[in-house]
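The values are calculated or read from the model by the stated rules, or taken from the named source; none is laboratory data. Nothing here was measured: the structure is a model prediction, and the numbers come from that model. Please note: Cβ atoms are built from the backbone with ideal geometry, for glycine as well, and neighbour counts cover all protein chains shown.
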2 protein chains.
Amino acid sequence: MTASASSATNRVFNFSAGPAALPESVLREVQDEMLCLPGAGASLLEISHRDKLFVDILHDAQDTLRSLLGISEDYSVMFMQGGATLQFSAIAANLLRGSGKRAEYLLTGSWGKKAIAEAKKEGDAVAIYDAKETNYDRLPTASDYTVSDDAAYLYYCSNETIQGVQYPSEPDCPDSVPLVSDASSDLLCRPVPVDRYGLLYACAQKNAGPAGVTMVVMRKDLLERADPNTPGYLYYKNHHDNDSEWNTPPTFAIYVLGKVARWLRDEIGGLEAMEKINREKSDSLYKIIDGSNGFYRGHAQQDCRSLMNVTFNLPSDDLTAKFIAEAATHRLAALKGHRSVGGIRASIYNAMPREGVETLGQFMTDFAAANG
Amino acid sequence: MTASASSATNRVFNFSAGPAALPESVLREVQDEMLCLPGAGASLLEISHRDKLFVDILHDAQDTLRSLLGISEDYSVMFMQGGATLQFSAIAANLLRGSGKRAEYLLTGSWGKKAIAEAKKEGDAVAIYDAKETNYDRLPTASDYTVSDDAAYLYYCSNETIQGVQYPSEPDCPDSVPLVSDASSDLLCRPVPVDRYGLLYACAQKNAGPAGVTMVVMRKDLLERADPNTPGYLYYKNHHDNDSEWNTPPTFAIYVLGKVARWLRDEIGGLEAMEKINREKSDSLYKIIDGSNGFYRGHAQQDCRSLMNVTFNLPSDDLTAKFIAEAATHRLAALKGHRSVGGIRASIYNAMPREGVETLGQFMTDFAAANG
Ligand SMILES: Cc1ncc(COP(=O)(O)O)c(C=O)c1O
Ligand SMILES: Cc1ncc(COP(=O)(O)O)c(C=O)c1O
Ligand SMILES: [Mg+2]
Ligand SMILES: [Mg+2]
Ligand SMILES: [Mg+2]
Ligand SMILES: [Mg+2]
């Protein structure tokens, strides 16, 4: 038996919130090519980012994202390092600093809060909605907030990974105001009307690849707003003008991301097909929660339940610990919820196979029956 | 024949300046573990950065670097994203911005020039030596520059990758001034007296691993100098206080870096042994250059020839093109020099096997005989 075959049989269903499960077929391709990228005579890890073989891989990843998301030429697609967190600063450095305007934030979870903290270093940034009083279990309705017509931008997080709160569609935003979204944990889970956005970004390590690369989709006219005195790595125009090779990009992370995007397009059939699967997967778990007579209590309100991160609590911390320990014996891993919400978080990104969700669902049903 | 065996036979000798050759034994380990990191039930690419398995890998990488370089507990060892280029800004944002002092730079090649351009955005940064008139072929002597006793820091690049100019040892620097070095292309090629430095950093993709991670070794007392209002990702204290997990680190790049560091310690035997091999490798090529009756002309002056990047010119552009084309038929790849120097650059980092250098040396001798 080869090493790869023996290892594969030990694989668990991995519900990690990120870095997270990847399609096994992608991992196998990466494995096959590890010593020698076809045509290179070297590993992808070893070749220059200026090598045509890598530049083609980078362009292919951009093009696959463009075709999946329907991104027009009015937008730049950039790959950056520094995670989603670097974007918290970059967005404000490029679009707020020195603008004389104010940036407006909708806070529906932990990541929005971290983002506004960085924006405040760069200028006037205000939360025009904050769901903290209900521990971030809900979204604003249209009457809960008003966006200024001359705001620098409106910022929101389309899927709060920790709370499991997802916007079903874009929040209202005046045409004059660039809409900015942290889509780190839900980009590529469903179609997105990109032309409604000024800037949309996602770190790859949840739904699109390994840690180490962040996708930034930015309306090109906004590139000119920033002061060229912005620290170079934060200045989007450097990345755009050099097609993500202003400096050495994270070549391996981009390569894997490109393979995941191709898997999504060619094996899954695109974002509509993916959304359908994601709805089936998440619905099946929410149904078990709702049918458990209160044994499982979902954290997010029903109208904003995430397709990606299913968050729920059990009757006690002891039962939560028992759930996690027993789940492990069923090859169900990384289910512990974040401390700010407690309980369980099952992250079921695109690459989580139906079989994993079914195994978890059956386990949840059995566990509730035995302990309820 | 397995996929890996068949690929391995196609491998070339890769003289890329970065990303660059990695030890084949490391690539094989990565390949074996791609589907299942031992103990994880998942790929390293898929597990959380908070997973104990990964945290142990991160600590092991830090500890191996500490033991290789003799880094004391007075220093923090951090892993960051954004490449060496992000450090150009981070250093100045942390140590210059708002200090009322001036930063002093020794410019001995292309990378120092890029670094000072970013520093100028943050405050008063001055080149106290600049070798541009001789197209960066030399180092300053002690009488060529004077460092102010109250400078914010003295910055230099220990090995200019493009020009192939390397400092044989640290430049003179008053004790009161933190010495800062971009060691991107020579860290780990030889022992370094770390305690002479305020800050020492290197992107991994030359001598230590894949693109996507940068090692930062910083004297802990300097961590307090920066204004907490510095953009979060640039603020070293965030990375130090959270042991490189302030946000999601580039897990795969750190994992490979750790394996390369272990290879260096356990298979090579540490930095003194490595330096000896690197001297043998580079000396053998410089000897051929010097013995070629002027057919090959080294770019760097003799006293600052790089152990890592051997740069030389041929009599004409036509012969350079012919050299590169014929070299390829001997499985010698990525030898083209950077446009600012022209000619040939053979990057012979730690992982370039002796056999690769011997093959190149023999080819150079034969090529000179046939075309001289
Ligand atoms: C929605 C969201 N935003 C931002 C982040 C931070 O990303 P990073 O750790 O890459 O900076 C995360 C997760 O880590 C996230 O889930
Ligand atoms: C000495 C030196 N400094 C800085 C850099 C820039 O590194 P990065 O592309 O990771 O920003 C390089 C090479 O790319 C280099 O060789
Ligand atoms: Mg393109
Ligand atoms: Mg990231
Ligand atoms: Mg430690
Ligand atoms: Mg890098």
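Does at least one position in the stretch B:153-169 carry a residue that is surrounded by fewer than 24 Cβ atoms within 10 Å (Cβ to Cβ), of a type in the set (Phe, Trp, Tyr) and more than 30 Å from A:MET34 (Cα to Cα)?
Within the stretch B:153-169, one or more residues are surrounded by fewer than 24 Cβ atoms within 10 Å (Cβ to Cβ), of a type in the set (Phe, Trp, Tyr) and more than 30 Å from A:MET34 (Cα to Cα).
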Can we say A:ALA125 is away from ligand 4 (no atom under 16 Å from the Cβ) and either more than 14 Å from chain B (Cβ to nearest Cβ) or on the phi < 0 side of the Ramachandran plot (or both)?
yes
Wholly enclosed strands (runs of 3 or more DSSP E) of the stretch A:41-143 bearing at least 2 residues without any contact (Cβ under 8 Å) to a residue 60 or more places away in the chain:
A:102-107, A:124-130
Please verify whether the stretch B:91-108 includes one or more residues that are within 14 Å of another protein chain (Cβ to nearest Cβ), within 16 Å of ligand 4 (Cβ to nearest atom) and either out of contact with any helix residue (DSSP H, G or I) (no Cβ under 6 Å at 6 or more places or on another chain) or closer than 30 Å to A:TYR349 by Cβ (or both).
no
Restricted to the stretch A:332-372, and to residues that are loosely packed, with under 15 Cβ neighbours inside 10 Å and not in a helix (DSSP H, G or I), which residue is nearest to the other protein chains (Cβ to nearest Cβ)?
A:ARG339
Looking only at the stretch B:195-234, count how many residues are crowded, with 19+ Cβ neighbours inside 10 Å and under 22 Å from the mean Cα position of the chain (by Cα).
24
The conditions are (1) touching a residue at least 40 places away in the same chain (Cβ under 8 Å); (2) part of a strand (DSSP E or B), and A:PHE323 fails exactly one of them. Which is it?
(2)
From A:ALA152, A:ALA204, grab the single residue that is free of Cβ contacts under 8 Å to residues at least 60 places away in the same chain and more than 14 Å from every other protein chain (Cβ to nearest Cβ).
A:ALA152
Any residue in the stretch A:249-259 that is more than 21 Å from B:GLN205 (Cα to Cα) and either assigned by TED's automatic domain parsing to the domain that holds A:PRO191 or hydroxyl-bearing (Ser, Thr, Tyr) (or both)?
yes
Is it the case that A:SER72 is small (Gly, Ala, Ser) and more than 16 Å from ligand 6 (Cβ to nearest atom)?
yes
For B:LEU65, the lone unmet condition from (1) modelled with pLDDT under 95; (2) touching a strand residue (DSSP E or B) at 6+ places or on another chain (Cβ under 8 Å) is (1)
If we keep just the residues of the stretch B:266-306 that are of a type in the set (Asp, Glu) and within 21 Å of the chain's Cα centre (by Cα), which is surrounded by the most Cβ atoms within 10 Å (Cβ to Cβ)?
B:GLU275
Out of all the residues in the stretch A:207-233, which are away from ligand 4 (no atom under 14 Å from the Cβ), more than 10 Å from chain B (Cβ to nearest Cβ) and farther than 17 Å from A:LEU96 by Cβ?
A:VAL217, A:LYS220
Answer yes if at least one residue in the stretch A:201-210 is within 16 Å of ligand 3 (Cβ to nearest atom) and of a type outside the set (Asp, Glu), and no otherwise.
no
Counting only residues in the stretch A:6-16 that are in contact (Cβ under 8 Å) with a residue 24 or more places away in the chain and more than 7 Å from chain B (Cβ to nearest Cβ), the one farthest from B:LEU27 (Cα to Cα) is identified as A:PHE15
